[in-house]
Amino acid sequence: MAYLRRFLYFSAMVTFLMTAVLTIYYGKETFHVTGTVSGQMKMKSAYHFVLIPEELDNEYWKLVQDGASAAAVKHGVTLEYLGPKQANMDEHLKTIDMAIAGQVDGLLTQGIVDAEFTPLLNKAVQKGIPVVTIDTDAPNSDRAVYIGTDNYYAGFLAGKALLADTRGPQTVGIITGRFEASHQKLRVQGFLDAVKNETRVRVADTKESSITKAGAVKAAYELVKEFPDLSAFYGTSALDGIGIAQVMEYLKKKAYVVSFDTLPETLQYMEEGLIQATVVQYPYEMGYKGVETMLQIKQGKAPEGVQHTGTEVIRKQDLPLIPSKPEGAQVK
């Protein structure tokens, strides 16, 4: 009987340990996040910041993460990169709320839709968590600092590029990432204001891509079918120009295309002559400055409330690009 009791006790212990190990493993897999810590991992970092983009699986936002991670490594900060894998407003808001509940030391995120984001960002500030908006501002919120493109000016530059690069009548189709996103609205408005006094330019329609390549392809194809005289396109988010170029290539149609950002596919289509110009942003710099600015806030300093990063238009002759990292910044 004693042997049997020992055997049953041993079996129970093994079962308990296996259950605990599996629980920890699958819990880690289910709630996996990326973190960056300076120095020895076992050393406690000074602060815990969270960067929450509109979608994780986005090359543009991965560049923002690279910059933020480099600054976190340099300054000994823990940085988590959390959010929806693909653009989803509800998940984005839920992730921000979870970060607030977790009492992080600083929140870096977008302020996409004022009505939705402002109350939540204000809630963070009320809980003692400073907020820095990246890429897309929430100017009516209590956020401390905005770091990113002057989106109206960027759209204005795109419009001026079309005017400079084309001759004669132009019928333009606009594809935007999301109708309700504040930064996308500003990019569209800036473009419209740049061309509004040019009688040779007519904007046919604006369609939404939902910030996906498939959505951009669908929107571009619909515009071509609805407006056979379409001669130019403007895409306001990173994947829009790529989708437009793919449709032009498939239909063997020529059109002037001005896009946003410098993703590898965008640059390839510029080399091939399917995209004529693109608006350059500096996402790495946004992430890097975001973390450094948050540190200044935590140290009791008062950094400038609006910090616009660089914006310019490039064309095929401008390739290859100058690296977009701020001077002295390194990824480790």
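Quick one: in the range 102-126, of everything that is in contact with a helix residue (DSSP H, G or I) (Cβ under 8 Å, 6 or more places away or on another chain) and among the polar types (S, T, N, Q), which residue is nearest to Ala72 (Cα to Cα)? Reasoning before the result, please.
To start, the set of residues in the range 102-126 that are in contact with a helix residue (DSSP H, G or I) (Cβ under 8 Å, 6 or more places away or on another chain) comprises 105-114, 116-117, 120-121, 123-124.
Add one more test, that the residue is among the polar types (S, T, N, Q), and what stays is 109-110.
Details: Thr109: 16, Gln110: 19 Å.
Applying the filter and picking the extreme gives Thr109.
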query: Taking the range 212-271 only, how many residues are over 16 Å from Arg202 (Cα atoms), in a helix (DSSP H, G or I) and acidic (Asp, Glu)?
result: 5
- prompt: Among Thr171, Thr199, which is the only one that is surrounded by fewer than 20 Cβ atoms within 10 Å (Cβ to Cβ), touching a residue at least 40 places away in the same chain (Cβ under 8 Å) and among the polar types (S, T, N, Q)?
  reply: Thr171
query: Of the numbered conditions (1) part of a loop (DSSP other than H, G, I, E, B); (2) touching a residue at least 40 places away in the same chain (Cβ under 8 Å); (3) in contact with a helix residue (DSSP H, G or I) (Cβ under 8 Å, 6 or more places away or on another chain), Ile129 satisfies every one except a single condition; which is it?
result: (2)
query: Residues Asp150, Asp165, Asp142: which one is surrounded by fewer than 21 Cβ atoms within 10 Å (Cβ to Cβ), within 18 Å of Gly241 (Cα to Cα) and at pLDDT 95 or above?
result: Asp165
- prompt: Within the range 73-120, restricting attention to residues that are in contact with a Phe, Trp or Tyr (Cβ under 7 Å, 6 or more places away or on another chain) and of a type in the set (Gly, Ala, Ser), which residue is nearest to Phe49 (Cα to Cα)?
  reply: Gly106
field: Pair list, Cβ under 7 Å, 6 or more apart: the range 254-271 residue closer than 18 Å to Asp165 by Cα, other residue among the small types (Gly, Ala, Ser) and surrounded by fewer than 21 Cβ atoms within 10 Å (Cβ to Cβ)
entry: Ala255/Ser231; Tyr256/Ser231
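When the range 117-157 is examined, which residues are found to be over 16 Å from Leu107 (Cα atoms), among the hydrophobic types (A, V, I, L, M, F, W, C) and in contact with a strand residue (DSSP E or B) (Cβ under 9 Å, 6 or more places away or on another chain)? Outline the logic, then answer.
We begin by selecting, within the range 117-157, every residue over 16 Å from Leu107 (Cα atoms); these are 140, 149-157.
Imposing the further condition that a residue be among the hydrophobic types (A, V, I, L, M, F, W, C) reduces the set to 154, 156-157.
Of everything in the range 117-157, those that are over 16 Å from Leu107 (Cα atoms), among the hydrophobic types (A, V, I, L, M, F, W, C) and in contact with a strand residue (DSSP E or B) (Cβ under 9 Å, 6 or more places away or on another chain) turn out to be Ala154, Leu157.
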field: Criterion violated by Glu249 - all others in (1) modelled with pLDDT of 95 or more; (2) outside the structural domain of Ile129 (by TED's automatic domain parsing); (3) surrounded by 14 or more Cβ atoms within 10 Å (Cβ to Cβ) satisfied
entry: (3)
message: Quick test of your reading of the structure: Ala238 fulfils all but one of (1) modelled with pLDDT under 95; (2) surrounded by fewer than 22 Cβ atoms within 10 Å (Cβ to Cβ); (3) closer than 25 Å to Ala194 by Cα. Name the failing condition by number.
response: (2)
field: Hits in the range 184-211 (condition: within 28 Å of the chain's Cα centre (by Cα) and assigned to a loop (DSSP other than H, G, I, E, B))
entry: Ser209, Ser210, Ile211
- line: Picked from the range 289-329 (must be assigned to a loop (DSSP other than H, G, I, E, B), of a type in the set (D, E, K, R) and within 25 Å of Arg187 (Cα to Cα)), the residue modelled with the highest pLDDT is Glu304
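Residue under question is Lys332, and the condition is that it be modelled with pLDDT under 95 and not assigned by TED's automatic domain parsing to the domain that holds Lys74; does it hold? Walk me through how you get there before you give the answer.
Numbers: modelled with pLDDT under 95: yes; not assigned by TED's automatic domain parsing to the domain that holds Lys74: yes.
Yes, satisfied.
The values are calculated or read from the model by the stated rules, or taken from the named source; none is laboratory data. Predicted model only: the values in this text are computed from it and were never measured. Neighbour counts are summed over all protein chains in view; Cβ atoms, including those assigned to glycine, are modelled from backbone coordinates with ideal geometry.
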